[in-house]
Amino acid sequence: AKALGKNRYEMFDTQMHASALELLKLETDLRKALERRELGVHYQPIVAIASGRVVGFEALVRWNHPERGLLPPANFIRVAEETGLIVAIDQWVLRQACHQMAIWNDMYQPELPFWMSVNVSRKHFSDTALPSLVNDVCSETGVDGGLLRLELTESVIMEDVDLAAGMLHQLKDFGVRLSIDDFGTGYSSLSSLHRFPIDTLKIDRSFVSQMHENPENSEIVRTIVNLAK
């Protein structure tokens, strides 16, 4: 009832009970997933349109569940955030991604290295130990901080503008590049954006995918590009 807006009631039924049990089982399984090495990282290539060259990758976590098969983040990230397991998952993905980036750059791109993009959750971003962790992981893996891009959503940054500005500046001190993911779907205040040392705005796909069908979307994308510049 609270989730649907409060000041209302919901009648209990067997489907609620089944959903609660399924959620509990998913939480239990997720706690064991890290120990059992069931989580994996998939890498989505990022291509420069002008040259057609692969310039970097985005690290995306997947869960190879023993019973349900390969699960995308949408199936388990909410549970991970509610239970706090997301911080451990974020840390693991960061290490895996930096380690993989070091291997690929050593093998294929020593002169023009790839960069790696990693998502940071709301709970992890509020952890004051995040800047030190990023610095430690870069040192451990031998990765230049300038080749690491951390992605945060608008809503995470706008929750506490002062706290976010301080955290982002600390991360920038290590040379890390910063991106706002799904830009255009949150509640960014333009008067606050200039306080953040952001390098990249990632325009939400809901705008980009419909640019040809909807001229208004093209104008929105053009405006965001100009704003980013």
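The values are calculated or read from the model by the stated rules, or taken from the named source; none is laboratory data. Predicted model only: the values in this text are computed from it and were never measured. When we count neighbours, we look across all protein chains shown, and the Cβ atoms used for this are built from the backbone with ideal geometry, even at glycine. Just the protein is used for accessible areas: all its heavy atoms, side chains included, with ligands, DNA and RNA removed. Shrake-Rupley method; radii C 1.70, N 1.55, O 1.52, S 1.80 Å.
Quick notes
- For segment 56-184, the spread of Cα coordinates along the three principal axes comes to 43, 41, 29 Å, biggest extent given first.
- Cα-based Rg and Dmax for segment 134-218, where Dmax is the largest Cα-Cα distance (Å): 15.1, 48
- Each residue of segment 33-38 was assigned a 3J(HN,Hα) from its phi angle through the Karplus curve 6.51 cos²θ - 1.76 cosθ + 1.60 (θ = phi - 60°); the sequence is 4, 5, 5, 8, 6, 8 Hz, with glycine and proline shown as x.
- Over the C-alpha trace of segment 1-134, radius of gyration and Dmax come out as 18.9, 63 angstrom.
- Note on segment 1-158: antiparallel DSSP beta bridges, both residues inside, total approximately 60 percent of the bridges counted.
- GNM on the chain, alpha-carbon springs under 10 angstrom: the most fluctuating residue among Glu67, Glu111, Glu27 is Glu67.
- Low-density loop cleavage sites - GluC sites (Glu not before Pro) in segment 152-216, where at most 15 other Cβ are within 10 Å (DSSP): Glu213
- Tail beyond 24 Å, pair distance distribution of the chain (Cα, percent): 54 percent
- All-pairs alpha carbon distance profile, segment 1-72, 5 Å steps from 0, percent: 3, 12, 13, 13, 11, 11, 12, 10, 7, 4, 3, 1
- Computed on protein heavy atoms with a 1.4 Å probe, the accessible areas place Tyr43, Tyr9, Tyr108 in the order Tyr9, Tyr108, Tyr43, largest first.
- Proximal lysines relative to Lys172, as straight alpha-carbon distance under 20 Å, when same-chain residues fewer than 8 apart are discounted: Lys123, Lys202, Lys229
- Between segment 24-47 and segment 92-171, the alpha-carbon center distance in angstrom: 19 Å
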